[in-house]
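One structure is given below, encoded as structure tokens.
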Amino acid sequence: MLAFAPIEITPEQDQSREALESLGNHLQRAQEAASRCRVRLPNRDKALAELSQEASRTEREGKSYLGIFAADVLSALRERHGSEVSEYLLDEISRKQILPLLPGAKMFRWSAQAVLAVWRSNKELKEIQAEISDFCQMPFVCRAFVGTRIATFYIPVRLAVWEAQKDMDETAGALDGFLEERKTR
């Protein structure tokens, strides 16, 4: 009787493997379809246009602020898992974790590892910096499809907040300088 056990187990193992492969293929196709339908953040050029528009406004209800949120680990994740995963994670961080912190903010993709938030507030800069930096002390937790499995990523984010300036070149330079700061350390 024990001699027949391996014979009966083999077809069940084959069926299980085929079912898992099929499920994996369906998950991958669903992920690809969702990726094509996902609304992407506006890019750096649109951010500069928004900053220019903010600087030229005459009516002032509150001050204009900009905050850059950099997830430096995304460059390593891009190399390991591809740009699709890192782009998805940056979008998730900006839409689900940063945007609720800054109601009314407009979010832009400043670079492959950073998003820019532009918003108005009646609060002072130091108060805003304290609130946001407290929020960013712990890494953000995000889940993403990697191949056919779901992976959990812990993504630390560093940030800087400025009051919006009228000089766009100076503003862009300060934002880029903040991003380059990590690379030179």
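The numbers here are math on the coordinates, done by the rules we state, and not lab data. Here the structure is a predicted model, which means the values were calculated and not measured. With ideal geometry, Cβ positions are generated from the backbone for all residues, glycine too; neighbour counts draw on all protein chains shown.
3J(HN,Hα) along the range 159-165, derived from phi through the Karplus expression 6.51 cos²θ - 1.76 cosθ + 1.60 where θ = phi - 60°, amounts to 9, 9, 10, 10, 7, 4, 9 Hz, with x in place of Gly and Pro. For residue 136, no residue 5 or more places off, or on another chain, has a built amide H under 5 Å of its own.
Here the 3J(HN,Hα) profile of the range 125-130, calculated from phi with Karplus coefficients 6.51, -1.76 and 1.60 at θ = phi - 60°, is 4, 4, 5, 5, 4, 5 Hz, Gly and Pro shown as x. Phi angles across the range 65-80 convert, under the Karplus curve 6.51 cos²θ - 1.76 cosθ + 1.60 with θ = phi - 60°, into 3J(HN,Hα) values of 10, 9, x, 10, 10, 10, 10, 4, 5, 5, 5, 5, 5, 5, 5, 7 Hz, Gly and Pro given as x.
If each residue's Cβ is checked for other Cβ atoms within 10 Å, how do 118, 141, 73 rank with the fewest at the top? Mind dumping the intermediate values first?
Working: 118 20, 141 12, 73 17.
Ordered from fewest to most neighbouring Cβ atoms within 10 Å, 118, 141, 73 come out as 141, 73, 118.
Normalised Debye scattering of the range 41-184 at q = 0.19, 0.20 Å⁻¹ gives log10 I(q)/I(0) of -1.15, -1.26, counting only Cα atoms as equal scatterers and leaving out solvent.
Pairs from the table (96/126; 106/166; 63/166) lying more than 21 angstrom apart at Cα are 96/126.
Report the calculated FRET efficiency for residue 17 and residue 154 (r = Cβ-Cβ distance, R0 = 30 Å), to the nearest 0.05. If you can, show how the numbers build up before the last one.
On the way: r = 32 Å, r/R0 = 1.06.
That gives a FRET efficiency of 0.40.
Charged neighbours of residue 141, selected by a Cβ distance under 13 Å, balance to +1 (K, R count +1; D, E count -1).
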